[in-house]
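The values are calculated or read from the model by the stated rules, or taken from the named source; none is laboratory data. Note that this is a predicted model, so its numbers are computed, not measured. Neighbour counts run over all protein chains shown; Cβ positions are idealised from the backbone, glycine included. Keep in mind that these areas ignore ligands, DNA and RNA; they rest on the heavy atoms of the full protein, side chains included. Shrake-Rupley method; radii C 1.70, N 1.55, O 1.52, S 1.80 Å.
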Amino acid sequence: MKADILREKFLDFFKSKKHKIVESDSLVPKDDPTVLFTPAGMNQFKKEFLGFNAGFRRAATAQRCLRTDDLDKVGHTRGHHTFFEMLGNFSFGDYFKEEAIAFAWEFLTEELKIDKNRLWVSVYEDDKEAYDIWKDIIKVPQDKIVKLGDKENFWPSEAKAKGPNGPCGPCSEIFFDQLEVWNLVFTQFNRKEGGALEPLPKRNIDTGMGLERLAAVMQGVKSNFETDLFIPLIEEIEVNAKGGNKKEFIYAIADHIRAVTFVIYDGVLPSNEGRGYVARKLIRKCTLHLRVLGLEQPFLYKLVPVVAGIMQQPYPELYGRKENIAEVILAEEKNFISTLESSSSLFKEKFAALLNKADPERAGRIAFQLYDTYGIPLELTRDWLDKHNIKLSQEAFNQGLKQQKDRSKAQSNMSGDVFAAKDLGLGLAATKFSGYKDYSVRAKILKLIKDGGEVKKAAKGEEVSIVLDKSVFYAEAGGQAGDSGEFVKGKNIFKVLDTRATAKVIVHIGQVKDGGFKKGNVVSAKIDRERRLSIARNHTATHLLQAALRKVLGAHVRQQGSLVAEDRLRFDFTHFKDIGAEELQRVEDLVNSYILNNYPLVKKEMPLAQAKKSGALAFFGEKYASRVRVVAIGDISKEFCGGTHLDSTGQISLFKIIQEGSVASGVRRIEAVTGNFAYEEIKEEQRRNQELAEKQSARIKELEKQAKSNKINSLCAAMPDILKKSENINNINVITAIENDVDMESLRRAMDMAKEQANNAVITLATQDIANSRVLLVVGITADLLPKGLDAAAIIRQVAKIIGGSGGGRKDFAQGSGNQPQNLEQAMQELKNIIQKL
């Protein structure tokens, strides 16, 4: 029986037993700091286990889970995995042990037709009730009922002695030929500090059965890796492997690619921190395993379509995102392979201080750092160290490895109290929210909270949180900032500075500005409308931005995170290349064209399945309720969204991108502003540009001045050589020179110097600009020739005609210009002719 059929049969069976079928939660648990990834089916029901009324008391799921505490065992055993699916049924104060045991036995023996003789069970050694149910009601032979202790059959394991505090209880496990198949947890106690167990007022059921193990049982194979959940992956690896057929490596790769695919599917990208580090580590382990199999070029990414094909029935959206996920993995593979290929230079850098000074302990720590940070295996490091005669302490390396494993295990498993009662509903019903259409409402104060505890009243100056029976204040969610505003009761004013929500209860955080407030007061609650409008501009613009990015860059663009505030928006999205200035401008122009077209916005609430069918974009990694809100903008955008929006795109007025860059491998970020903030940004940009232009203009003038000074200095320096080239015509020294790229002032100053150094001379200096049809000319006569009747002004008037211009001046100095630089040599010759005729 195929895994898809088993999953479907399980859910259908419990649906027939009046269980609500709840969609799998994300691998990234929302608002749950106790775990790094979702490790079990019960995690998404913590609120229900604490008594929060979600509208159902029975539930069943096929939950995707991820655990890394047994990472080194994956591939070496028949049943250890990082990623797996947990089939589970749950009761929240409804049925208990007898029904839970009966349901499990019925499903296995009647629905799946498993031979009862091949099943046996375990119970907690002190749980006589469960033992008697198995023996007397289910009729399991006593020799097939095993009693086990706190470590094996109490949940959490050894919680009575070691904690954590919170709900706990005995469990009973069902085995098939010594393979554990199903664990039934009977949550009936509350562990207190010191290990005391007190009965819970409402007892719960939490069961978990690995789909992979159940598939192995039903398909008659000895290993989970021989089931239809893994065979296509294993066959693909084996077909391409070039260096042997080592099953443990192939199995580990097949497991890890499932984990990595779903981690990325749920919005986690490879990085060096937290969840991203787990994704990166799994990809690197696969890369190393593939090298053992002779695959030294990127290959892992090619398995993503295989995973998507296997999981297409429960996760059709995954199939549509397979190329995007493969791109992320490919980029990570390339980076790691590059690191491995350049490891020699990295070794030289990290071990430089140890080349001449032995320190095995430090070498061991550095080797672990290389393994932990860069993924470089110890064997590769040791080979390099041996070649350079550097000794390494295996103990130091192992110590770092152990500490890292302890950290990983602590993150993967539950920490602190199993259930944190704070922030789970505050003991109140969900707040009635009418803020999509209203800006104010008359409401009653249900609770005032200060320093984590309830208070009866709050006076002027006190900072408190207030819960109302109804509210128009949007609580921070989905990246959108919470509303601000005020509560008014006569002359009493409470300033709302922020709005949050916990379990659908809206909490208004702020300060009493005037008067005072107490529980039961009826107030007029009003949001800051201008601020709300600015936030709505940014939120609607964010939707337009994603639409524009998908049009300009491609359909692979998907939201990875966002911030929608009053003064700006920030949008993180998947893209694997730098974005050029032209592309970015196209995106901005496209958003502004959407704004100018004034598209109407349509907001509708609909069933989740209908929303998905409509093609609305969802933010992957987000857990959606059975009914969702969809915001559509013309025919250009349709997204799941619970945020506040405008009525039409024209209300945005203006959109301006202020920054774009990379924030992680395969993730880009755009920051932008809208409306008045965009207008102010453009004004500021113009001011900056004007300031820059003025600075540049001043700098240009300074450079021009410097260039002129340099040219004059150059001319002056060359003057002795110019004077040496004089011609004696009619007993007069005639000096002519043509210089390029000088202005009239430079010519005049050069002339002054020439007249000081020359005697009995007529001097002509000129510059020409043929490209611009311009020529400048100066004529100077030394003082000793003036009594002989020579006149520079008369000379230049005759010469300037030849260059298409005119001139004038004094007897000792004259200047002129013309527009025929091609005739300059002819003009110089005319000057000589004039002197000759004197």
Problem - Per residue, in Å², the accessible surface of the stretch 515-611 once ligands and nucleic acids are set aside, probe 1.4 Å - result: 45
Completion exercise
Of the listed links 551/577; 222/285; 603/656, those spanning more than 18 angstrom between alpha carbons are 222/285; 603/656
Fill in the blank from the handout: Once the dipole of the stretch 6-157 is set up from charges on Cβ (+1 Lys and Arg, -1 Asp and Glu), the residue from the list 19, 156, 53 lying farthest towards its positive end is 19
Problem - Label-point gap, in nm, between residue 8 and residue 700 - each point 7 angstrom along Cα→Cβ - result: 7.4
Handout entry: Unit charges on C-beta of K, R, D, E only; dipole of the stretch 81-133, Debye
Key = 260
Problem - Euclidean distance of C-alpha centroids, the stretch 466-543 and the stretch 693-769, integer Å - result: 77
Fill in the blank from the handout: Between residue 147 and residues 5 or more places away or on another chain, the pairs with built amide H atoms under 5 Å apart involve 123
Fill in the blank from the handout: Nearest-0.05 FRET efficiency for residue 676 and residue 349 at R0 = 51 Å, using Cβ-Cβ distance, is 0.50
Practice task
Evaluate the Kirkwood expression for the hydrodynamic radius of the stretch 100-155, namely the inverse of the mean inverse distance over all pairs of different C-alpha atoms, and round to one decimal in Å.
Solution key: 11.8
Practice task
Name all residues of the stretch 47-79 having a backbone nitrogen under 19 Å from the label point set 7 Å from the Cα of residue 238 along its Cα→Cβ direction, giving them as ranges.
Solution key: 75-79
Completion exercise
Taking the dipole of the chain about the Cα centre (Lys, Arg +1; Asp, Glu -1; charges at Cβ), the one of 673, 736, 141 that reaches farthest to the positive side is 673
Completion exercise
For the stretch 311-416, dividing by residue count, accessible area per residue (probe 1.4 Å) in Å² works out to 55
Completion exercise
Note: residue 798 to residue 825 extended length (0.36 nm per residue) minus current alpha-carbon separation gives 8.3 nm
Completion exercise
With x for Gly and Pro, the residue-by-residue ³J(HN,Hα) of the stretch 220-229, computed from phi through the Karplus equation 6.51 cos²θ - 1.76 cosθ + 1.60 at θ = phi - 60° and given in whole Hz, is x, 10, 8, 10, 4, 6, 9, 8, 5, 6
Practice task
Would you mind computing, in nm to one decimal, how far apart the modelled labels at residue 658 and residue 759 are, each placed 7 Å from Cα along Cα→Cβ?
Solution key: 7.5
Problem - Proximal lysines relative to residue 708, as straight alpha-carbon distance under 29 Å, when same-chain residues fewer than 8 apart are discounted - result: 695, 724, 725, 755, 801, 811
Handout entry: Karplus-derived HN-Hα couplings along the stretch 806-817 (A = 6.51, B = -1.76, C = 1.60, θ = phi - 60°), whole Hz, x at Gly and Pro
Key = 8, x, x, x, 9, 5, 8, 8, 9, 9, x, 8
Handout entry: Hz values of 3J(HN,Hα) by residue in the stretch 775-790 - Karplus curve (6.51, -1.76, 1.60), Gly and Pro given as x
Key = 9, 10, 8, 10, 10, x, 10, 5, 4, 6, 9, 5, x, 8, x, 6
Handout entry: Computed FRET value (nearest 0.05) for residue 137 with residue 313, which takes r as the C-beta separation and R₀ as 41 Å
Key = 0.70
Handout entry: Mean-position separation - Cα centroids, the stretch 101-129 and the stretch 146-197, in angstrom
Key = 17
Practice task
Report, to the nearest 10°, how far helix 529-552 tilts away from the longest principal axis of the Cα atoms in the chain, using its own Cα long axis and a range of 0 to 90°.
Solution key: 80
Problem - Hits among lysines - C-alpha to C-alpha of residue 242 under 17 Å, sequence gap 8 or more where chains match - result: 302
Completion exercise
With the convex hull built on the alpha-carbon atoms of the chain, volume per residue in Å³ sits at 279
Handout entry: Point-to-point label distance, residue 692-residue 106, nm (Cα→Cβ direction, 7 Å offset)
Key = 7.3
Fill in the blank from the handout: Once the dipole of the chain is set up from charges on Cβ (+1 Lys and Arg, -1 Asp and Glu), the residue from the list 223, 700, 544 lying farthest towards its positive end is 544
Practice task
Would you list which lysines come within 21 Å of residue 387, measuring only between C-alpha atoms, while excluding same-chain residues fewer than 8 positions from it?
Solution key: 348, 350, 357
Practice task
Quote to one decimal, in nm, the extra length available between residue 449 and residue 519 on full extension: 0.36 nm per residue of separation minus the C-alpha distance between them.
Solution key: 24.2 nm
Completion exercise
CD proxy, 222 nm, the chain: helix-only mean residue ellipticity via -39,500 (n - 2.57) per DSSP H run with n ≥ 4, per residue, nearest 500, stands at -12000 deg cm²/dmol
Practice task
State the percentage of accessible surface on the chain attributable to carbon and sulfur atoms; use a 1.4 Å probe and exclude ligands, DNA and RNA.
Solution key: 47
Exercise for the section: Would you please give the residues with an amide H less than 5 Å from that of residue 480, counting only those at least 5 places away or on a separate chain, with H modeled from the backbone geometry? Expected result: 564
Problem - Rounded tilt (10° steps) of 824-837 against the dominant C-alpha axis of the chain - result: 20
Completion exercise
Result for the stretch 711-837: accessible area per residue, probe 1.4 angstrom, in square angstrom, of 50
Practice task
On a 0 to 90° scale, report how tilted helix 231-240 is relative to the longest principal axis of the chain, with both axes built from alpha carbons and the result rounded to the nearest 10.
Solution key: 40
Problem - Qualifying trypsin sites (Lys or Arg not before Pro) for the stretch 1-67 [loop in DSSP, other Cβ within 10 Å: at most 12] - result: 18, 30
Completion exercise
Nearest-0.05 FRET efficiency for residue 158 and residue 30 at R0 = 30 Å, using Cβ-Cβ distance, is 0.55
Handout entry: Extension gain (nm, one decimal) between residue 744 and residue 221, 0.36 nm per residue minus Cα-Cα
Key = 178.5 nm
